[in-house]
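Student: Structure provided below as structure tokens; questions to follow.
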Amino acid sequence: MNANEIIKNIEAQQLKAEVDDFRVGDTVKVYAKIREGNRERIQVFEGTVLKRQGGSNRETFTVRKLSNGVGVEKTWPLHSPNVEKIEVVRRGKVRRAKLNYLRDRVGKSAKVKELVR
């Protein structure tokens with residue numbers, strides 16, 4: 001058994017059993033665990049998914065929201081134990097994998113069309 005197989009086995013154990021199905025352009029609520037001293041609470045971060053990158057247990061996703069007129073982006077590991085769950089609020093209709101162009105936009109032009117199924 002070579003080192004590559006050992007690493008793959010360790011990474012497979014760290015994967016979450018169920019990953020919420022969401023894509024780039026979707027508006028999601030990320031329920032993140034926040035530790036304050038000895039207390040633990042869940043904080044919700046709602047915004048548009050700009051990108052998903054990486055694979056296996058290293059996969060991350062970036063969510064952007066506007067807070068008091070200032071753009072805030074957070075990147076989370078998909079399989080992190082600190083991410084309680086990801087809830088899809090709206091499905092977005094986009095034609096690219098990374099929505100970096102949304103960073104320069106404000107107001108109506110920063111919106112993503114809703115996907116009607």
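The values are calculated or read from the model by the stated rules, or taken from the named source; none is laboratory data. None of these values were measured; they are calculated from a predicted model. For neighbour counting, all protein chains shown are included, and Cβ atoms are generated from backbone atoms with ideal geometry for every residue, glycine included.
Student: For segment 31-75, give me each residue that is closer than 27 Å to K113 by Cβ and β-branched (V, I, T).
Tutor: V44, T48, V49, T60, T62, V63, V70, V72, T75, listed by residue number.
Student: Taking the residues in segment 52-77 that are of a type in the set (G, A, S) and within 26 Å of K108 (Cα to Cα) as candidates, determine which candidate is modelled with the lowest pLDDT.
Tutor: G69
Student: Against the definition (in a strand (DSSP E or B), modelled with pLDDT of 85 or more, of a type in the set (A, V, I, L, M, F, W, C) and surrounded by 12 or more Cβ atoms within 10 Å (Cβ to Cβ)), how does V49 come out, yes or no?
Tutor: Taking the combined requirement at face value, the residue satisfies it.
Student: Give the residue, chosen from I6, I86, that is β-branched (V, I, T) and within 28 Å of R117 (Cα to Cα).
Tutor: I86
Student: Which condition number does E18 fail, the rest of (1) at pLDDT 90 or above; (2) under 16 Å from P77 (Cβ atoms); (3) assigned to a loop (DSSP other than H, G, I, E, B) being met?
Tutor: It is condition (1) that E18 fails.
Student: Sticking with this one: Every residue in segment 21-56 that is over 15 Å from K74 (Cβ atoms) and in contact with a Ser or Thr (Cβ under 6 Å, 6 or more places away or on another chain), please.
Tutor: Matches in segment 21-56: G54 only.
Student: Also, quick follow-up: Being touching a Phe, Trp or Tyr at 6+ places or on another chain (Cβ under 7 Å) and outside any strand (DSSP E or B) is the filter here, so list the residues in segment 63-88 that pass it.
Tutor: Within segment 63-88, L78 is the sole residue that qualifies.
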